[in-house]
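Just so it is clear, none of the values below were taken in a lab; they were calculated from the coordinates. Being a predicted model, the structure only gives us computed values, none of them experimental. When we count neighbours, we look across all protein chains shown, and the Cβ atoms used for this are built from the backbone with ideal geometry, even at glycine.
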Amino acid sequence: MMYSENSLLEILKAISVKDTPGSIEELALFLSKTESIAGIHSIRVSGYAVITAREMGLPEELIASLHVSSLLHDIGKLLIPHGILYKTGSLSEEETALIQQHPLQGSSMLNKIERYRQYSDIVLYHHEFFNGQGYPHRLSGSDIPLLSRIIAVADAYEAMTSDRPYRKGFSHREAVNRFRISRHIQWDPDITDSFLRAIKGFSGSIGIISGTIDQL
């Protein structure tokens, strides 16, 4: 379903005030029940992001922030009409522009929630390209926050390998080949290499609930 900004804010605020390990599980459960591409996608992206961060040897404190911010990275898409998100044909320029607003909308919402404010910039920049050709602010290289760069890789792999209304998902091998071709363009090459090591030999999909990684 599509949410209004006010209704989505109220749901997120209610989850955020429960300062318990189970609140992350509750956030993931909410996303899984949204009937949106963005919901299950975000849960899987969180799993891919976390295994990448562990491969990189990042401290658990950063991984915990990555866990939550990757669950929230596409929260702005819940404000986009289903007719656009699920469109089988080509998007118009106006529809593309609307979809490209979702990092801004998501970041704006998180800034209004005290516990999630720390994740707002990570969400804002997860569609920036390593070469500066992404959106919304065309940042490049290390100017893009580290956790945003990790999410960008995880987000791209999950999107490539999942079915969409307009195409079938790519195989694991096809997705890996695309990463190798574009690793210096769209994604941080070092993070890309860490991700590819983390998923070497993997052919399924993963989700993350309460800090554990499980095959779905």
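Between Arg149, Arg167, Arg115, which gets the highest mean-square fluctuation from a Gaussian network model of the chain, Cα cutoff 10 Å?
Arg167
Can you figure out the FRET efficiency of Leu9 with Arg138, using R₀ = 45 Å and their beta-carbon distance, to the nearest 0.05?
So the FRET efficiency works out to roughly 0.95.
Tell me, how many Å apart are the Cα centres for segment 23-60 and for segment 127-145?
22
Pairs Lys168/Lys200; Lys18/Lys168; Lys18/Lys77; Lys112/Lys168; Lys13/Lys200; Lys18/Lys200: which exceed 30 Å Cα-Cα?
In this structure, Lys18/Lys168; Lys112/Lys168; Lys13/Lys200; Lys18/Lys200 lie more than 30 Å apart at Cα.
For Lys33, list the aspartates and glutamates whose Cα falls under 13 Å from its own Cα; do not include residues on the same chain fewer than 8 positions away.
The qualifying aspartates and glutamates are Glu25.
Between Rg and the Kirkwood Rh of segment 65-135, both from Cα atoms, what is the Rg to Rh ratio?
1.01
In terms of modelled amide H atoms, which long-range or inter-chain residues lie less than 5 Å from the amide H of Arg164?
Placed amide hydrogens put Gly169 under 5 Å from Arg164.
Could you state the orientation-averaged shadow area of the convex hull built on the Cα atoms of the chain, in nm² to one decimal?
Reported value for the Cα convex hull: 11.0 nm².
For Leu146 paired with Asp163, estimate the spin-label separation in nm (one decimal), with each label point 7 Å from Cα along the Cα-to-Cβ line.
Roughly 3.9 nm, to one decimal.
Explain nothing, just the number: relative contact order of segment 6-150, from Cα pairs under 8 Å at least 6 residues apart, as a whole percent.
About 19 percent, as a whole number.
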